[in-house]
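Since the structure comes first, as structure tokens, the remarks are kept for the end.
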Amino acid sequence: MAEQGKDRGSRIRGTGSRRKRPTGRRRALTVAAWSAAGLVAVGGSGLGYAYVKFNGNIESVDINAQLGDDRPLDVDNGSMDILVLGSDSRSGANARYGRDDGAARSDTAMILHVYEGHRKAGVVSIPRDTIVERPACADRTGAPVPGQRKAMFNTAYEAGGPACAVKTVEQMSGIRMDHYIEVDFTGFKKLIDELGGVGITTTRAIDDKSSHLVLPAGRHTLSGEQALGLVRTRKGVGDGSDLGRIQLQQAFMKAFIEQARSVGVFTSPKKLWNLADTATKAITPDSELDSVKELADFAGGLKGLGADDVHMITLPVRYDPADPNRVVPLQAQSELVWTALKQDRPIPAAAARGAAKGQADRVVQ
């Protein structure tokens, strides 16, 4: 649905202030939403050198310019929606995780909905193997990419980059994304290591040859490499499905949020500096988050969120009868999810009724 009826610049941003019109280039992420909260202190310090250094770290992409006005209505209700993608590119420093075939896909996709008042948030994980109708897009060079009626969700990023991924999500949900954030394997690992690791408890042993993660049951402080292995683990836990992997990812994200809140980034200048340096290198945000000040303002609206304030679900799906390695959205239940977010209401429990589930729930706590 094309945008109409109001000025796009009036949507409320992370701090509750009015959003400026899009400028510059654009791109976004998942994990760094909370770790970037350390930038709030930098933003208030007036350290000119910090601004120059950290601004120089940030690369962004202009989603607005690429998508134009053919997007859902930008509803001004005080909430905020962010598409967070984890890229599975095997190029450069990521080559050790598999063969580089010249393309990257969105290995992890989450819609983060921050409710009005920014005291609660909801996360909807989209399985990468979800069969969707991918809209026609333009690739990174501006060349047209035809739509596809039955495409895997993660091919949107592969075919047309961040803008195509955003367009696909907006078409699925009818919700305009306010921001986009992306992180790749190497950036994710560095964020975890800079935080000093993330503490989790495994209720059973994990041994996944694909992700190279071996953990006995018990308490662990995961390094960046181990954390990456955990969020990539699929075959070593439960039924080996992507739905099980999402359960591990969501459990890890809750532990990550608590770790980010407890490391003392607001009391340790050195920790703050190192974390801000790492976070601004690790993420690719959209063009409205392409400066230290914009990231600081954005993170300031999220820094009060704890793990108990974030409700995580998986898009309601069923296994595809034509291919058990694929899933298809349950239309009625998915509509309950999208309607709730559009109206800034909690997602009802009925949305999960009848949905396929992985078998890795409570493996990580």
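The values are calculated or read from the model by the stated rules, or taken from the named source; none is laboratory data. Keep in mind that this is a model prediction, so the values were computed, not measured. The protein model used for the area step is the full one, side chains on, heavy atoms only, and it has no ligands, DNA or RNA in it. Shrake-Rupley method; radii C 1.70, N 1.55, O 1.52, S 1.80 Å.
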Please state, rounded to one decimal and in Å, the Kirkwood hydrodynamic radius that the stretch 164-278 gives when every pair of distinct Cα atoms enters the mean of 1/r.
15.7 Å
Taking a 1.4 Å probe, which of ASP69, ASP107 shows the most accessible area, and what order do the others take after it?
ASP69, ASP107
Counting only protein heavy atoms with a 1.4 Å probe and every protein chain in place, the carbon and sulfur fraction of the accessible surface of the stretch 211-365 in whole percent equals 51 percent
Let me check the size of the stretch 226-365 from its C-alpha atoms; what are the radius of gyration and Dmax in Å?
18.1, 55
Expected-Rg normalisation [2.2 N^0.38 Å, Cα atoms] applied to the stretch 213-301
1.32
With θ taken as phi - 60° and the coefficients 6.51, -1.76 and 1.60, list the Karplus ³J(HN,Hα) couplings across the stretch 133-138 in order, rounded to whole Hz; mark glycine and proline as x.
8, 7, x, 5, 9, 10
Centroid-to-centroid separation of the stretch 109-150 and the stretch 314-365 [C-alpha atoms, Å]
15 Å
Need one number: convex hull volume per residue for the stretch 104-240, Cα atoms only, in Å³.
143 Å³
Accessible-area order (highest first, 1.4 angstrom probe) of the listed residues ASP184, ASP286
ASP184, ASP286
From the cross-link list LYS190/LYS270; LYS167/LYS190; LYS120/LYS189, the entries with a Cα-Cα span beyond 19 Å are LYS167/LYS190; LYS120/LYS189
